[in-house]
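S.K.: For reference, the structure I am asking about is given below.
The values are calculated or read from the model by the stated rules, or taken from the named source; none is laboratory data. Note that the coordinates shown come from a computational prediction; the quantities given were computed from them, not determined experimentally. Positions of Cβ are generated from backbone atoms using ideal geometry, with glycine treated the same way; all protein chains shown enter the neighbour counts. When the accessible area is computed, the model is the full protein with side chains, heavy atoms only, and any ligands, DNA or RNA have been set aside. Shrake-Rupley method; radii C 1.70, N 1.55, O 1.52, S 1.80 Å.
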Amino acid sequence: MRLGKSPIMTYNGYSDFDKFFVINHIELPFGSFKAITKEYEGIDGERFFGVSRGSYELKLEITLMSDKANEEMSIDMIRREVLRRISTRSEQELKFSTLPNVKFKAVPDGENNLTLINPKTGKAEITFKVPEGYSKKTILTTATAKLNEAGVLSMEIDYDGTVDTPLNLKFVNNDETGYLSAVGVNNGENTFLTQLGYIDEVDGETRTRMSAIFPKDGGTSFANWKDATAFYENQNKKIVTTMQTTSSFGGWLGGIPAGATNNGGQWYGAAKELILPTPTAYCYLWARSWFETGLNGQTGIWTLAMVDENNQFVCGMSIEKADTVGNSATIYFLIGDGNGMSLICKRIPLTPSYWIPPNPYGSQARDANRNMFDLRKEGQKVTFFWYGQYYTVYIPEITSKKVKRIQFFTGQYNGRTTSQLVSRMAIRDVLVIDLKSQYWQDIPNRFLKGSIVETRKENGMNKIYRDGIATLEDLITGSTFPMLKPGKNTIEFYYSGFTATPPTVTATYEKRWY
């Protein structure tokens, strides 16, 4: 039977101790304090260094008895059953019904005697030692971080316990981040700084690669080519008409219509251009050329030019036939002087005939797929191609020049008519590549979108979990784990600057009292 409203004890996983005894009295300590001092010779009194709080004891006065469920058990049998249930070699959770939501981590301690009153009743004491020196609330308290008025993710916790308690944090990352941190402040003083990952981790980096700006444009449309209003390599090459295209032999761009006339320039003709959406200082051009006379004495000019953002000439090549009697022409490799002036870098004689040799840009070369050439501008380095050989020149003045336009001009000399024009002056399959195209390369960050990071205190050990896997590799040296101190606590959370959506942060803690 029970004596009044006796507390019901739960310990070591058992909650039916009321079958064997009733608790008459529980002796709870008011506190266990010890001043830390030290005596020094020649100094009066003692020096004070602080206060420590030690373990304490819980003493129970109980009456063992047999109720109806245990009427066949003697007091000795009851004693042995109680001892079996409380015997443990480790701290166990101890609770009493009269102290709701409070638990102690305790172990039995000391020797206690049983005073036999009658065959079925006896009085005894049980002493439990609480090594931690405090009690805990059985239900965890939860807090959630929110953006404050300053836009900082934070939480306010007014902790009414009397003992410092660990703050377990859970970060659910709503976006990629390389860094997570928590900063605690209590009564104006920093209490902890927990840092995971690196604050300077970046979301990605700018890299370079070869990237096609214009693919080969063979065919009849040449849709990417636009009519030019001026030819910037040499503005004495006057634009007086629209450049022709032909579908013959796979499609070619070049030439001027019959009847075109000069308007005062040294040359007259037509020009088309490709306008690069992003100018580049590392431009590569590959194409097929056709420059072929049908009769001796024909004249004409074919010029390809790279032009910068300020419409200043950078580099190019020109095929020119000024011979009004025979079949002699010249290839010119051209470079800019940094101010737009076109200078001759190299001259190569050419006989613009049908055959290979001597003409790599004639019909036989075209049919044999041998009429290709390329032009490369890499910073200050310019490279030309002719007949299987490369020619390189370095022009410091054009190092930072960025190619914005690819221009192509075909025309006739002043004083000559279109009936005297070189029969074939054209280009096709023009490929333009940015050799150092910049692009953004995303770098997978330490904490991926959707990942969960937790900091916990477990059995006195600091633990970090990433997606359920224990790891300490994310913890920055010098970090301290989150703790709450009695009173008002402000916790602020930080993450990588590139993280668009802040993490969802929840905290749990157990209240502790002396």
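S.K.: Check whether at least one residue in segment 284-306 is of a type in the set (Val, Ile, Thr), within 18 Å of LEU431 (Cβ to Cβ) and open to solvent by 10 Å² or more (accessible area, probe 1.4 Å), and report yes or no.
M.R.: Within segment 284-306 (the criterion being of a type in the set (Val, Ile, Thr), within 18 Å of LEU431 (Cβ to Cβ) and open to solvent by 10 Å² or more (accessible area, probe 1.4 Å)), the answer is no, since none of the residues qualifies.
S.K.: Can you spot a residue in segment 134-141 that is farther than 24 Å from PRO166 by Cα and open to solvent by 50 Å² or more (accessible area, probe 1.4 Å)?
M.R.: No, segment 134-141 contains no residue that is farther than 24 Å from PRO166 by Cα and open to solvent by 50 Å² or more (accessible area, probe 1.4 Å).
S.K.: When both residues are 6+ apart or on different chains and their Cβ atoms are under 7 Å apart, which pairs have a first residue that lies in segment 208-222 and is farther than 18 Å from ARG405 by Cα, and a second that is open to solvent by 80 Å² or more (accessible area, probe 1.4 Å) and of a type in the set (S, T, N, Q)?
M.R.: Final answer for the pair search is THR208/GLN438; THR220/SER247.
S.K.: Of all residues in segment 153-173, which are closer than 15 Å to TYR495 by Cβ, surrounded by 15 or more Cβ atoms within 10 Å (Cβ to Cβ) and either at pLDDT below 95 or touching a Ser or Thr at 6+ places or on another chain (Cβ under 6 Å) (or both)?
M.R.: LEU169, LYS170, ASN173
S.K.: Out of all the residues in segment 326-338, is one or more touching a Gly at 6+ places or on another chain (Cβ under 7 Å), assigned to a loop (DSSP other than H, G, I, E, B) and under 27 Å from THR392 (Cα atoms)?
M.R.: no
S.K.: Collect the residues in segment 327-353 that are among the small types (Gly, Ala, Ser), over 56 Å from the mean Cα position of the chain (by Cα) and either under 16 Å from THR303 (Cα atoms) or open to solvent by 20 Å² or more (accessible area, probe 1.4 Å) (or both), keeping them in residue-number order.
M.R.: SER328, ALA329 - these are the residues of segment 327-353 that are among the small types (Gly, Ala, Ser), over 56 Å from the mean Cα position of the chain (by Cα) and either under 16 Å from THR303 (Cα atoms) or open to solvent by 20 Å² or more (accessible area, probe 1.4 Å) (or both).
S.K.: What are the pairs with Cβ atoms under 8 angstrom where one residue, in segment 75-96, is under 18 Å from SER135 (Cβ atoms) and assigned to a loop (DSSP other than H, G, I, E, B) and the other, located anywhere, is of a type in the set (Gly, Ala, Ser) and open to solvent by less than 40 Å² (accessible area, probe 1.4 Å)? Sequence gap at least six, or different chains.
M.R.: If the second residue must be of a type in the set (Gly, Ala, Ser) and open to solvent by less than 40 Å² (accessible area, probe 1.4 Å), the pairs left are GLU91/ALA106.
S.K.: Looking at segment 408-424, which of its residues are open to solvent by 10 Å² or more (accessible area, probe 1.4 Å) and assigned to a strand (DSSP E or B)?
M.R.: TYR413, LEU421, ARG424
S.K.: Just one of the numbered conditions (1) closer than 20 Å to ASN359 by Cα; (2) open to solvent by 10 Å² or more (accessible area, probe 1.4 Å) is not true of ASN236; which one?
M.R.: Unmet for ASN236, out of (1) closer than 20 Å to ASN359 by Cα; (2) open to solvent by 10 Å² or more (accessible area, probe 1.4 Å): (1).
A quick yes/no check of all residues on (1) farther than 16 Å from ALA281 by Cβ; (2) modelled with pLDDT of 95 or more; (3) open to solvent by 30 Å² or more (accessible area, probe 1.4 Å):
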residue	(1), (2), (3)
GLU378	no, yes, yes
TYR391	yes, yes, yes
LYS402	no, yes, yes
ILE427	yes, yes, no
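S.K.: How about segment 194-211: which of its residues are open to solvent by 70 Å² or more (accessible area, probe 1.4 Å) and either touching a Ser or Thr at 6+ places or on another chain (Cβ under 8 Å) or modelled with pLDDT of 90 or more (or both)?
M.R.: If the condition is that a residue be open to solvent by 70 Å² or more (accessible area, probe 1.4 Å) and either touching a Ser or Thr at 6+ places or on another chain (Cβ under 8 Å) or modelled with pLDDT of 90 or more (or both), then ILE199, THR208, ARG209, MET210 are the ones that fit.
S.K.: Which of (1) closer than 17 Å to ILE8 by Cα; (2) over 51 Å from the mean Cα position of the chain (by Cα) does PRO119 not meet, given it meets every other one?
M.R.: (1)
S.K.: Mind counting the residues in segment 115-158 that are touching a residue at least 12 places away in the same chain (Cβ under 8 Å), over 28 Å from LYS105 (Cα atoms) and either among the acidic types (Asp, Glu) or in contact with a Pro (Cβ under 8 Å, 6 or more places away or on another chain) (or both)?
M.R.: 3
S.K.: Enumerate the strands (runs of 3 or more DSSP E) found wholly within segment 434-514, keeping only those where 2 or more residues are among the basic types (Lys, Arg) and either surrounded by 14 or more Cβ atoms within 10 Å (Cβ to Cβ) or touching a helix residue (DSSP H, G or I) at 6+ places or on another chain (Cβ under 8 Å) (or both).
M.R.: It comes to 452-458, 461-466.
S.K.: Restricted to segment 136-190, and to residues that are assigned to a strand (DSSP E or B) and among the small types (Gly, Ala, Ser), which residue is farthest from VAL102 (Cα to Cα)?
M.R.: Per the criteria, the residue is SER181.
S.K.: Would a scan of segment 112-119 turn up a residue that is at pLDDT below 85, crowded, with 16+ Cβ neighbours inside 10 Å and part of a loop (DSSP other than H, G, I, E, B)?
M.R.: Scanning segment 112-119, I find no residue that is at pLDDT below 85, crowded, with 16+ Cβ neighbours inside 10 Å and part of a loop (DSSP other than H, G, I, E, B), so the answer is no.
S.K.: Oh, and also: Under the condition of being aliphatic (A, V, I, L, M) and open to solvent by 30 Å² or more (accessible area, probe 1.4 Å), which residue from segment 252-283 is nearest to ILE433 (Cα to Cα)?
M.R.: Restricting to residues being aliphatic (A, V, I, L, M) and open to solvent by 30 Å² or more (accessible area, probe 1.4 Å), the top hit is ILE275.
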